[in-house]
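J.: The structure is given below, and queries will be raised subsequently.
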Amino acid sequence: MNKGKLLAILIAGATVALIVIGTLWPNAAALALAGGGNLLQSSSTPEAAVTNLAQDIGRRDWGKAYSSLANKAEFTQPEFQQDLTGNRLSLRTYATLENFDLRPLHSSANEAEVQLRLHWSTVVGTFPETRDLHVVKNGDRWQVQWPIVKETRVPPQVIPVNYLRWDVIYRGAGDDWGAQDVEAPHVRIVDMHPVERADGVVIMGELLNEDIVPAHVSVKATLLAKNGSVIASEGSFDKIAHLLLPKQVTPFLITFHNVSLSDVSSVRMDPSASLVSASADPVIAIQDQQFNPAPGASLTGQLVNQSGQVVNIAHVLGTFYDKSGQLVWVADQYIDRALQPQTPVPFRITVPEDLARKVSSERAFTTTYSAGSMQ
Amino acid sequence: MTFIMLAACAVHLPLLLMKLPLKSYDTNFHIFFASHYVHHWFDPWNTKWYAGFSQATYPPLPQQWVALISHITGLDMAYMAVQFAAILLLVVGVYRFSLLWVSPRAASYAALASVFLGSESFLVYSAGQLGTTSAAPIYLNALPYLFDWVRHGSWRSFLKGSVLFVAAAAAHHATLLFGSFFFALPVLALVLIDRNEGEPTSTPSFIARTVSIAVVVGAGIALVLLPFWIALIHYPVTQTPIPHPSRANYILSPEWGLNYFIIPYGALVLAIPFIIWRGAISVRLRPLLLGFWVAMLVGLGGTTPVGHLVLGRAYEVLTMERFSYWATLLALPFVGLLASELIDRFRMRAVIGLSVAATLTCGLSVAWVVYHPADASNFQVDSVAAWLNRDGHDNYRYVTLGFGNKIARLAVLTDAGSVDGEWNSGRMLPELTEHGAGALTSSKYFGKQGTDALTAILGHADKYGLKWVFLKDPYYEPLLSFAGWRHVDDLEDNTIAVWMKDGVPPATPLNAAQMPPHWQGLMWGILPFGSSLLALLIVLIPDKRWQENPTDQDAITHDDIASGRLVS
């Protein structure tokens, strides 16, 4: 064989070999773009079966995920999909699976228990979901028995609503010169504490709408050094309820990353408020509220949507006080499932262990988002 | 050649007159850069994106030509004119480059094939990569001069090659950097192979000529793009890598394989066995084969480990489709050879078959922008621009959500500045560079990284004077609602919502260290564009017809004989 032919065979062979290598052992970028799956996947172990299922879920390949289940006869594919994405518009609907991890709990020759933790990414942050999966061996492959959770259907009914509502007529462009516009509502910071945490300085407090009209509020904090210079300025962003009805109080929390409290001489607080149209609907009641001390300190309870409309996303802000009524901590949680009328949905707000010991009382405050309500 | 140029006109001129590239990913990006040069030729600091960024982070030549021509035709048609010139230049470049390797007849077929090249149409009509598609033809035209200089020591070729190389770099730096490996090294290897044919080229002469042109071109590029190098050295691209589907494994992700391999290559895929076989058995074609092979492997993205191994950190920054483009350009001399032999053997049947293959390849890649549009939702941003431009709204910055690559078109139309943008390597805002996400307007496609970047920038709205959010995708509505933004207006039949944040101070210019000083602005306005004018003038000096040198012609004829043996 001459050199040319040998070179041609070498190039062709090397090309095929490189493609095989790149496909069987793809690099991280290619693996991520393929949804985490490669051609070496098999379900020869319980962990592999759960991994394959999680990857199918991550790719939103519901058909493949459903068909791999051992107990698929117990529910339909749409029910399986709704279990993961919700049957109403919610954070789950457009959540993407950021990553997952699994922990084998125990296994035998034909059965195993594996805990699957899914980390979902949403527009307002991430939320974890834990499922304990029973995995069974069918022939030479393992299959997952999916623990289906079916959302409660609300029965047909009429729900009367009777709520307060404020409308505002602003000064128009064609109004006479000198015409008064509506006055901004009066709000006041009733409590404020700077605290040093591992990742920086945290400013927390409470803001009161002391007016008789609703207010759209924000709080900005500026840290000042001893020489009066500005160290940093941050806003409360979503760690506050921005819509306050008359006499309502919202907690707020502002985080300054990579700042030491020892460098801070003073803090300048800038609350702002503007008058907006608002209504008291939907009313979200909190049931079974309970503080669970460390370890695993948390505030738990159930949200009940008392209106007749679906609330797509709820945000719970927890305020924690010590024995003297001083503010200890502010924490929050987004609810990943929609709140259907009259249907309780659990929440759980975690509290840092070191602060949990000081907590004597707590308060939960809920804000909501309903699709279409912004029109 | 006239016939081939007419073919290029017949195929591409109607498509460009229809402004088809406006539907591509990056065309509006280039038009946006050009629009800045229209008003600020000597100031590369653009305040419309990222609260201010330097356009000296991207070679300016094609965009400056667009800016110049736009004074006559407007920006859109100026873009089409420059793109058309690049397509015509490619025909000439492919012909001249192919002449180094194959006979004039095969080179003519190669040039004709370039008109129908899938990767060219893909980059022009789907990707909108004006920089790459204008630099490559200039580079191809420079390579024969490189050969002539190193092989024969022609000072005229030295001069012409040098100015063309510099002009190519002024159009797109990556083309020159990687083109040196994929294109120039094979040409230099060809000189070595041919050095003892006829008039010999001694090894010291070869080395001296290679080094001399490398030094002169290197110095020229360093000077012409000095502000670019200064920006790159002071502010290297260290931001978190952003995922790009061209780095996918095309077997594990076949949808991207279709997009980045099947469409750009088209019927060229069928020629790959011939390329490998003929390139291997013909000594003169081996360097070209190796250049093609490595470029193809890198262009396959994550399908093989080669791209990652060859490019290292640059693999995370570059997109891979340009390597496929270069691979297909390197394949064209082989395609010309194959066409020549097929036509010799099968006559009209080969002509028909090749015509069908070329038409399907070109047709599919042109139509790909329809089947796989850069932006599925075709909407106008004129009303958004008009809203921003009235009542002092442009005193504040804005960001769009769900606008896709329309943000460049909006930036052209409005006077207001944004904290977002599409030129990832030029951005400096820490909220953006710390997260591995692209444009904020498409942040949901980047998962947690995208959401984190968006949250960070919205959280610092006061700092950047960011008062307006234009919402096209309701996906983002909950974040705005919970973060304290208010819905204040609707545009485009209520398909675009305007959200605002209370209490935001008016935007002020950022006193960024990246802002190029005045002297760099002068250089940026004079030297890159001047290099192209100089290249035009010098290339007009009549050529010595080296192609007719009997020695080199003998070498090509020898290959033709070899190929004839193979086919028969």
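J.: For a Förster distance of 51 Å, can you work out the FRET efficiency between the beta-carbons of B:Leu311 and A:His186, rounded to the nearest 0.05?
T.: On the way: r = 61 Å, r/R0 = 1.19.
Step by step, r from the Cβ atoms, then E = 0.25.
J.: For chain A, set up a GNM with springs between Cα atoms under 10 Å and report which of A:Arg337, A:Arg92, A:Arg131 has the largest fluctuation.
T.: A:Arg131
J.: What FRET efficiency would be calculated for the residue pair B:Thr73, B:Leu540, taking the C-beta separation as r and a Förster radius of 25 Å, to the nearest 0.05?
T.: Details: r = 24 Å, r/R0 = 0.98.
With a Förster radius of 25 Å, E is 0.55.
J.: I want the local charge near B:Gly52. Using Cβ-Cβ distances under 11 Å, sum +1 for each Lys or Arg and -1 for each Asp or Glu among the other residues. If you can, show how the numbers build up before the last one.
T.: Values: positive: B:Lys48, B:Arg397, B:Arg427; negative: none.
Net charge in that neighbourhood comes out at +3.
J.: Mind checking which lysines have their Cα closer than 16 Å to the Cα of A:Lys64? Skip sequence neighbours fewer than 8 apart in that chain.
T.: Result set, ordered by chain and number: A:Lys72.
J.: Averaged across B:469-479, how many Cβ atoms of other chains sit within 10 Å of each residue's Cβ atom? Don't jump to the answer; show the numbers that get you there.
T.: Values: counts 0, 0, 1, 0, 2, 5, 4, 2, 8, 17, 8.
Mean inter-chain Cβ contacts per residue within 10 Å come to 4.
J.: Rounded, prolate or oblate, given the Cα gyration tensor of the protein assembly as shown, with a/c below 1.5 counting as rounded? Don't jump to the answer; show the numbers that get you there.
T.: Working: a/c = 2.41, a/b = 1.68, b/c = 1.43.
Judged from the Cα gyration tensor, the protein assembly as shown comes out prolate (a/c at least 1.5, a/b above b/c).
J.: Mind checking the full-extension length gain between B:Phe42 and B:Leu185? Use 0.36 nm per residue of separation minus the Cα-Cα distance, one decimal, nm.
T.: Values: separation 143, 0.36 × 143 = 51.48 nm, distance 3.59 nm.
Taking B:Phe42 through B:Leu185 to full extension adds about 47.9 nm, to one decimal.
J.: Please compute, for the alpha-carbon atoms of the stretch A:34-145, the extent along each of the three principal axes and give them in descending order in Å.
T.: Per principal axis, max minus min of the Cα coordinates gives 42, 27, 26 Å.
J.: Now for a separate question. Run lengths n ≥ 4 of DSSP H only: what is the helix-derived mean residue ellipticity at 222 nm for chain B, with -39500 (n - 2.57) per run over all residues, to the nearest 500?
T.: Values: 26 runs with 342 residues, N = 568.
Roughly -19000 deg cm²/dmol at 222 nm, from the helical runs in chain B.
J.: State, to one decimal in nm, how far the label point of A:Trp25 lies from the label point of B:Glu255, with both points 7 Å from Cα in the Cβ direction.
T.: In this crude spin-label approximation the distance works out to 2.9 nm.
J.: Now, a different point. With contacts defined as alpha carbon pairs under 8 Å and 6 or more residues apart, what's the relative contact order of chain B in percent? Walk me through the intermediate numbers first.
T.: On the way: 948 pairs, mean separation 123.7, N = 568.
It rounds to 22 percent for chain B.
J.: Given the -39500 (n - 2.57) contribution per DSSP H run of 4+ residues, what per-residue ellipticity at 222 nm results for chain A, rounded to the nearest 500 deg cm²/dmol? Before the final figure, lay out each step's value.
T.: Details: 6 runs with 60 residues, N = 375.
Taking each H run of at least 4 residues, the total per residue is -4500 deg cm²/dmol.
J.: Here's another thing I want to ask about it. Find the centroid of the Cα atoms in the stretch B:4-77 and in the stretch A:284-352, then give the distance between the two in whole Å.
T.: When both Cα centres are located, 54 Å separates them.
J.: Separate question: Beyond 22 Å, what share of the Cα-Cα pairs of the stretch B:246-405 remains, rounded to the nearest whole percent? Could you put the intermediate results ahead of the total?
T.: On the way: 7299 of 12720 pairs.
The calculated P(r) of the stretch B:246-405 puts 57 percent of pairs beyond 22 Å.
J.: A further question follows. Counting only other chains, what is the mean number of Cβ atoms within 10 angstrom of the Cβ of each residue in peptide A:123-129? The partial results should precede the final answer.
T.: Working: counts 15, 8, 6, 4, 0, 0, 0.
Mean inter-chain Cβ contacts per residue within 10 Å come to 5.
J.: Here's another thing I want to ask about it. Relative to the Cα centre, what is the charge dipole magnitude of the stretch B:382-500, using +1 at the beta carbon of each Lys and Arg, -1 at the beta carbon of each Asp and Glu, and rounding to the nearest 20 debye? Don't skip to the answer; put the middle values down first.
T.: Working: 11 positive and 16 negative charges, 51 e Å.
The dipole magnitude comes to about 240 debye.
J.: With +1 assigned to the C-beta of every Lys and Arg and -1 to the C-beta of every Asp and Glu, and no other charges, what is the dipole magnitude of chain B about the Cα centre in debye, to the nearest 20? Numbers along the way, then the final one.
T.: Numbers: 34 positive and 37 negative charges, 226 e Å.
Value, rounded to 20: 1080 debye.
J.: Using a 10 Å cut-off around each Cβ of peptide A:229-240, what is the average number of partner chain Cβ atoms that fall inside? It would help to have the intermediate numbers written out before the result.
T.: Details: counts 0, 0, 0, 1, 3, 4, 10, 3, 10, 10, 2, 3.
Shielding by partners across A:229-240 averages 4.
J.: May I pose another question? Can you compute the FRET efficiency between B:Leu17 and B:Leu360 using 1/(1 + (r/R0)^6), with r the Cβ-Cβ distance and R0 = 35 Å? Round to the nearest 0.05.
T.: Values: r = 23 Å, r/R0 = 0.66.
It comes out at approximately 0.95.
J.: Please work out, to two decimal places, the log10 of the ratio I(q)/I(0) at q = 0.07, 0.09, 0.12 Å⁻¹ from a Debye calculation in which every Cα of chain B carries one identical scatterer.
T.: Values, matching the q order: -0.42, -0.69, -1.17.
J.: Given Cβ point charges of +1 (Lys, Arg) and -1 (Asp, Glu) and nothing else, what value in debye, to the nearest 20, does the dipole of the protein assembly as shown about its Cα centre take? Intermediate values should be presented prior to the final figure.
T.: On the way: 64 positive and 74 negative charges, 528 e Å.
Using Cβ point charges on Lys, Arg, Asp and Glu, the protein assembly as shown gives about 2540 debye.
J.: Between the stretch B:431-485 and the stretch A:43-66, what's the alpha-carbon centroid distance in Å?
T.: 31 Å
J.: Express the relative contact order of the stretch A:34-145 as a whole percentage, based on alpha carbon pairs under 8 Å and six or more residues apart in sequence.
T.: Working: 183 pairs, mean separation 30.8, N = 112.
Computed value for the stretch A:34-145: 27 percent relative contact order.
J.: Given the pairs A:Lys239/B:Lys444; B:Lys19/B:Lys48; A:Lys247/B:Lys444, which are separated by over 27 angstrom at their Cα positions? If you can, show how the numbers build up before the last one.
T.: Values: A:Lys239/B:Lys444 21 Å; B:Lys19/B:Lys48 25 Å; A:Lys247/B:Lys444 37 Å.
Check vs 27 Å cut-off fails for A:Lys247/B:Lys444.
J.: Report the label-to-label distance for A:Arg357 and A:Val283 in nanometres (one decimal), using points 7 Å from each Cα along the Cα→Cβ vector.
T.: Once both label points are built, they end up 4.2 nm from each other.
J.: A further question follows. For a paramagnetic label modelled at 7 Å from the Cα of A:Ser42 toward its Cβ, which residues of the stretch A:88-116 fall within the zone defined by backbone nitrogen distances under 14 Å?
T.: No residue passes the distance filter.
J.: Let a ≥ b ≥ c be the square roots of the eigenvalues of the Cα gyration tensor of the stretch B:183-335; is it rounded (a/c under 1.5), or, if not, prolate (a/b larger than b/c) or oblate?
T.: On the way: a/c = 2.81, a/b = 1.14, b/c = 2.45.
Oblate is the answer for the stretch B:183-335, as a/c is 1.5 or above yet b/c matches or exceeds a/b.
J.: In a shell of Cβ-Cβ distance under 15 Å around B:Leu318, excluding B:Leu318 itself, what net charge do Lys and Arg (+1) and Asp and Glu (-1) give? Please list the in-between numbers first.
T.: Working: positive: B:Arg247, B:Arg313, B:Arg322; negative: B:Asp26, B:Glu316, B:Glu321.
Charge balance in the 15 Å sphere: 0.
J.: How far is it, in nm, from the label point at B:Ser425 to the one at A:Ala294 when both lie 7 Å from their Cα along the line to the Cβ?
T.: 5.1 nm
Values quoted throughout were computed directly from the atomic coordinates according to the rules given, and no laboratory measurement underlies them. Values in this document were obtained by computation on a predicted structure and should not be read as measured data. Neighbour counts are summed over all protein chains in view; Cβ atoms, including those assigned to glycine, are modelled from backbone coordinates with ideal geometry.
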